[in-house]
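Worksheet: the structure to be examined is printed underneath.
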Amino acid sequence: MGICAVLCVPLLSQAQGMAPTLHPETFCPLGAKMGMATGPFDKVDFPGCSSPPKAVTANRGHSGLQNTLAFYSMSQPDKVQQLEYLSLLLNVNNPQEAKGAYAALMPAATTLSTQVLGEIPKGLEQAIMAGQSKSWKLRGWRAELKRKEFSPASNGHQLTYRLYGVLSRNRRKFRQPINVACPAPGRWGRPNSRVTSRHFDHGNASRTSRPDCSGLDEAD
């Protein structure tokens, strides 16, 4: 009884997951648990955080970019103290190494699911390894695995795992931007002059071309 009183409570707490009503920055330490330490946005205008894109396979694709993975905690556009979504963004810039990229996304997605949802959505691992879109609803969250092809398709695709609070009234249509200019070290994910959309993922936006950010992949 004494041992359970000490050990069982944390386990039960983890199994219950995290509430989508928590502040966006509450989720930032999860990045380090997935091997992707985060840096802050502007705490007033853009509460939340993102990690640098992390190279997950060795070789570059036709675009000159490696396959990369990054984590984001994004606030709502008009209620910045509230979470809009958590995101694991996998850029498959080298389709020949897609399976290796999927394999790198899987442990991050299962860790994020366990920590936030308290469980792993049924069929998540299979959908990731197949590179297929799929969605789930559970524990006050909506989980989405979304694939979008680059243009041309030979340049690869994105596979993004996002967690939305299902009670959010401001949830937007799922958007998959493309890579843009790399932000300065230490300011991961904060908008710069080339980002034209409020909602973006680090090194990504909807109206610009994709530069080589691989030199930033090893940044802390």
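The values are calculated or read from the model by the stated rules, or taken from the named source; none is laboratory data. Predicted model only: the values in this text are computed from it and were never measured. Reconstructed Cβ throughout: ideal geometry from the backbone, glycine too, with neighbour counts over all protein chains shown.
Which of the residues belonging to region 133-149 are touching a strand residue (DSSP E or B) at 6+ places or on another chain (Cβ under 6 Å), farther than 11 Å from L159 by Cα and in contact (Cβ under 8 Å) with a residue 24 or more places away in the chain?
Those that are touching a strand residue (DSSP E or B) at 6+ places or on another chain (Cβ under 6 Å), farther than 11 Å from L159 by Cα and in contact (Cβ under 8 Å) with a residue 24 or more places away in the chain: W141, R142, A143.
If a residue must be surrounded by fewer than 19 Cβ atoms within 10 Å (Cβ to Cβ) and at pLDDT 95 or above, how many such residues does region 145-156 contain?
Of the residues in that region, 4 qualify.
Just wondering, is there one or more residues in region 33-53 that are without any contact (Cβ under 8 Å) to a residue 24 or more places away in the chain, under 14 Å from the mean Cα position of the chain (by Cα) and either surrounded by fewer than 24 Cβ atoms within 10 Å (Cβ to Cβ) or closer than 13 Å to L88 by Cα (or both)?
Within region 33-53 (the criterion being without any contact (Cβ under 8 Å) to a residue 24 or more places away in the chain, under 14 Å from the mean Cα position of the chain (by Cα) and either surrounded by fewer than 24 Cβ atoms within 10 Å (Cβ to Cβ) or closer than 13 Å to L88 by Cα (or both)), the answer is no, since none of the residues qualifies.
Take region 114-126 and flag every residue that is without any contact (Cβ under 8 Å) to a residue 40 or more places away in the chain, under 18 Å from Y85 (Cβ atoms) and assigned to a helix (DSSP H, G or I).
L124, the sole residue that qualifies.
What residue, among those in region 82-132 that are among the β-branched types (V, I, T) and under 26 Å from N155 (Cβ atoms), is surrounded by the fewest Cβ atoms within 10 Å (Cβ to Cβ)?
At the first step, the residues of region 82-132 found to be among the β-branched types (V, I, T) are 92, 110-111, 114, 116, 120, 128.
Okay, now just the ones that are also under 26 Å from N155 (Cβ atoms), so 92, 128.
Values: V92: 30, I128: 24.
Looking at the filtered set, the residue picked out is I128.
Working only within region 65-109, note down all residues that are of a type in the set (G, A, S) and either in a helix (DSSP H, G or I) or at positive phi (or both).
From region 65-109, those of a type in the set (G, A, S) are 70, 73, 75, 87, 98, 100-101, 103-104, 108-109; that's our starting set.
Result: A98, G100, A101, A103, A104, A108, A109.
Would you mention how many residues in region 6-32 are within 20 Å of L138 (Cβ to Cβ), modelled with pLDDT of 95 or more and part of a helix (DSSP H, G or I)?
Number of matching residues: 3.
Restricting to region 33-64, give me the number of residues that are within 20 Å of P20 (Cα to Cα), modelled with pLDDT of 90 or more, among the hydrophobic types (A, V, I, L, M, F, W, C) and part of a loop (DSSP other than H, G, I, E, B).
Of the residues in that region, 1 qualify.
Have a look at K79, K137, K54, K99 and point out the one that is basic (K, R) and touching an Asp or Glu at 6+ places or on another chain (Cβ under 6 Å). Working first, answer last.
Details: K79 fails: touching an Asp or Glu at 6+ places or on another chain (Cβ under 6 Å); K137 fails: touching an Asp or Glu at 6+ places or on another chain (Cβ under 6 Å); K99 fails: touching an Asp or Glu at 6+ places or on another chain (Cβ under 6 Å).
Result: K54 is the single residue among K79, K137, K54, K99 that is basic (K, R) and touching an Asp or Glu at 6+ places or on another chain (Cβ under 6 Å).
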